[in-house]
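Let me begin by presenting the structure, written as structure tokens, before commenting on it.
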């Protein structure tokens with residue numbers, strides 16, 4: 001375009017082009033969405049937290065802890081990786097569990113890359129075979145991560161890798177430990193190489209798009225699930241009913257919802273001991289999150305059979 005112009009003008013065009021390149025090149029990154037899928041309790045949320053080096057997704061030893069699609073943003077010098085933590089995929093006829101599975105599989109529409117976490121044992125489960133089939137249908141780039149390798153002898157990994165290659169047919173199999181961060185640097189490198197060039201989708205100083213109200217409610221639910229009986233956590237939901245962010249203190253009211261009056265008594269505990277314990281542990285984490293003192297008020301409400309009622313599931317943001 002500048003070739004027919006006088007040489008000084010051509011030089012000016014070249015200089016302008018170089019200035020434009022210098023100005024805009026830093027904004028072009030490797031960027032895109034990476035879905036984290038797997039059966040319940042395989043370590044998806046632990047992996048997300050380890051990748052971000054932040055406590056974002058709540059973690060317990062109970063299956064189906066994650067209910068929502070959680071976005072975690074990993075900002076690196078030349079990339080912005082948008083991880084999507086998802087509920088565990090499993091067969092169930094319960095409405096709430098069907099919703100969890102639908103939420104997880106919906107991430108395939110948005111993902112550029114799919115990470116499928118599997119446990120370090122043979123044989124490959126029926127559920128993992130079904131997840132692999134769904135990913136193959138989506139035509140998305142597909143990596144299988146063998147998680148929790150810190151729990152098994154290394155010589156057992158080779159036959160597992162061979163079986164995964166044959167049965168799940170991913171582009172790559174990578175042994176990792178979300179708990180010890182073993183293999184995570186290599187994983188990030190593989191993801192960066194595979195992502196397309198694009199803009200930063202979110203500000204470069206953010207690690208999630210979820211607000212403090214959401215994160216606070218999740219922290220309270222995490223502590224409640226950790227301290228309560230095996231059956232009760234699945235009937236628990238939380239809602240932040242008031243959040244007053246003052247200069248030196250945050251005043252927060254959180255409702256814990258259960259399905260039955262008998263469950264309410266369990267959550268409260270003898271002379272309020274259980275509720276007090278949940279509140280104390282939750283407050284510590286919330287203060288670390290918001291960087292100031294927190295006055296946390298918890299109370300328990302009963303909503304009959306909320307896990308079977310679409311209206312209430314919508315109220316809790318699960319539909």
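Listed by first and then second residue, the pairs with beta-carbon distance under 6 Å, at least 6 apart or on different chains, first residue in the range 144-157 and assigned by TED's automatic domain parsing to the domain that holds residue 50 and farther than 11 Å from residue 119 by Cβ, second part of a helix (DSSP H, G or I) and at pLDDT 95 or above, are 144/164. Conditions first: (1) at pLDDT below 95; (2) more than 15 Å from residue 237 (Cβ to Cβ); (3) touching a strand residue (DSSP E or B) at 6+ places or on another chain (Cβ under 9 Å). Residue 272 passes all but one, so which condition is the exception? Every condition holds for residue 272 apart from (3). Among the criteria (1) touching a strand residue (DSSP E or B) at 6+ places or on another chain (Cβ under 7 Å); (2) in contact (Cβ under 8 Å) with a residue 60 or more places away in the chain; (3) closer than 26 Å to residue 55 by Cα, the one residue 317 does not fulfil is (1). Among all positions in the range 234-250, there is no residue which is assigned to a helix (DSSP H, G or I), touching a strand residue (DSSP E or B) at 6+ places or on another chain (Cβ under 6 Å) and surrounded by fewer than 17 Cβ atoms within 10 Å (Cβ to Cβ). When residues in the range 251-279 are screened for being within 25 Å of the chain's Cα centre (by Cα) and outside any helix (DSSP H, G or I), 7 of them pass. A count restricted to the range 280-292 and to residues that are part of a loop (DSSP other than H, G, I, E, B) and in contact with a strand residue (DSSP E or B) (Cβ under 7 Å, 6 or more places away or on another chain) stands at 1. Filtering the range 303-318 for residues that are surrounded by fewer than 19 Cβ atoms within 10 Å (Cβ to Cβ), modelled with pLDDT of 90 or more and over 27 Å from the mean Cα position of the chain (by Cα) leaves a non-empty set. Being assigned to a helix (DSSP H, G or I), within 23 Å of residue 112 (Cα to Cα) and touching a strand residue (DSSP E or B) at 6+ places or on another chain (Cβ under 8 Å) is the filter here; which residues of the range 158-192 pass it? 164, 165, 186, 187, 188, 190, 191, 192, listed by residue number. Against the list (1) farther than 23 Å from residue 69 by Cβ; (2) in contact (Cβ under 8 Å) with a residue 60 or more places away in the chain; (3) in a loop (DSSP other than H, G, I, E, B), the condition residue 298 fails is (3). Residues 203, 196: which one is free of Cβ contacts under 8 Å to residues at least 40 places away in the same chain and under 30 Å from residue 143 (Cβ atoms)? Just a single option satisfies the conditions, and that option is 203.
The values are calculated or read from the model by the stated rules, or taken from the named source; none is laboratory data. These figures come from a predicted structure and were not determined experimentally. Cβ: placed from backbone, ideal geometry, glycine included. Neighbour counts: every protein chain shown.
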